[in-house]
1. Residues in region 80-98: is at least one in contact with a Pro (Cβ under 9 Å, 6 or more places away or on another chain), among the charged types (D, E, K, R) and at pLDDT 95 or above?
2. Kindly provide the set of residues from region 162-199 that are touching a residue at least 40 places away in the same chain (Cβ under 8 Å), surrounded by fewer than 18 Cβ atoms within 10 Å (Cβ to Cβ) and under 23 Å from Leu106 (Cβ atoms), ordered by number.
3. Of everything in region 133-153, what is more than 15 Å from the ligand (Cβ to nearest atom) and not in a helix (DSSP H, G or I)? Give them in sequence order.
4. Counting just the residues of region 113-132 that are closer than 26 Å to Asn86 by Cβ and surrounded by fewer than 16 Cβ atoms within 10 Å (Cβ to Cβ), which one comes out nearest to the ligand (Cβ to nearest atom)?
5. Only one residue in Leu267, Leu272, Leu231, Leu251 is more than 16 Å from the ligand (Cβ to nearest atom) and within 24 Å of Phe118 (Cβ to Cβ), so which one is that?
6. Tell me whether region 35-53 contains one or more residues that are in a helix (DSSP H, G or I) and touching a Lys or Arg at 6+ places or on another chain (Cβ under 7 Å).
7. Are any residues in region 22-43 of a type outside the set (Val, Ile, Thr), closer than 22 Å to Ile75 by Cβ and buried (at least 20 other Cβ atoms within 10 Å of the Cβ), and if so, which ones?
Amino acid sequence: MTIIADGKLLAEKIYSNIKAKVDKLDRKPMLAVIITNDNEAGKIYVRNKQRACEKTGIQSKTIEFDADVSENTLINKIQDLNNDKNVDAILVQLPLPNHIDSEKILNAISPDKDADGFHYINAGKMFIGQMPKTIACTPKGIIRLLDEYKIQISGLNAVVIGRSNIVGKPISQLLLQRNATVTTCHSKTKNLEYYTKNADLIVCAIGKPKFLTGNMVKDGVIIIDVGITRLDTGKLSGDVDFESVASKASLITPVPGGVGPMTVAMLIQNTLDLSIQYSE
Ligand code: GUN
């Protein structure tokens, strides 16, 4: 039997826990989101984030800049938000326009208000197994989902496809911390199937629709599909060819309704956690 992991349902459960906690707070947490107006996909995510904030009683504000905004303008805005006692968490929606150095911008956010866990200090602490203020939302959501379905990560052969700073690298590290044996594959990996066919758990995060197919995996594999691409048909597709892979998998996340809702739920969790740390 194949379990289709319901990220949407788990996200709703997380929201009701968060709401119960927020209801008890005198000062409601505040998430500030910065986005540039050329980021069309980002705007959809930002809307989902706003909805999740409304659902849980968290305050949010979105600050939109023109695509030709300067680095200095963005950094000045971030510094204002760093100094604003009413703001607990700051997120800069990626990607930023090409003329902007994203690293510089992400590291201008105070590590104490780093909603995404992308700041060097938080990412670095996560990599050495120290307690960061926050952990990147998608990898954190994947681990939460695996825990919900009582997957014993320890000892598994885990293959991560993709090595981005947002997903591939941090999820590889989190799985390693849970004692999986982790192989991080990427566009230069030779004979990818050699790795995927031996994997007990595959995290696919490369942004190529239907990339992973049933003939590349073994029976009983656990599949986490991070990809989300809109096809010409208008339908959303993950990085995994759902039909052929699901027939072999013991657990698989659907697209939509798997990892995506978990990412947003973890952002809201990070915002609450930062607001509590901040007021302590
Ligand atoms: N763009 C795509 N994914 C993400 C994410 O997790 N955080 C931010 N800030 N931007 C993104």
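The values are calculated or read from the model by the stated rules, or taken from the named source; none is laboratory data. For clarity, every value in this text was computed on a predicted model and none was experimentally measured. Note that we place each Cβ from the backbone using ideal geometry, even for glycine, and neighbour counts take in every protein chain shown. Ligands, DNA and RNA are stripped out before the accessible areas are found, and what is left, the full protein with its side chains, is counted by its heavy atoms. Shrake-Rupley method; radii C 1.70, N 1.55, O 1.52, S 1.80 Å.
1. Checked against the condition, which is being in contact with a Pro (Cβ under 9 Å, 6 or more places away or on another chain), among the charged types (D, E, K, R) and at pLDDT 95 or above, region 80-98 yields at least one hit.
2. Within region 162-199, Ser164, Asn165, Gln177 qualify.
3. Matches in region 133-153: Lys133, Tyr149, Lys150, Ile151, Gln152, Ile153.
4. Tyr120
5. Residue meeting the stated conditions: Leu272.
6. no
7. Passing the criteria: Met30, Leu31, Ala32.
Conditions (1) free of Cβ contacts under 8 Å to residues at least 12 places away in the same chain; (2) of a type outside the set (Lys, Arg); (3) within 19 Å of Thr56 (Cβ to Cβ), marked per residue:
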site	(1), (2), (3)
Ala5	no, yes, no
Lys13	yes, no, yes
Asp23	no, yes, yes
Met30	no, yes, yes
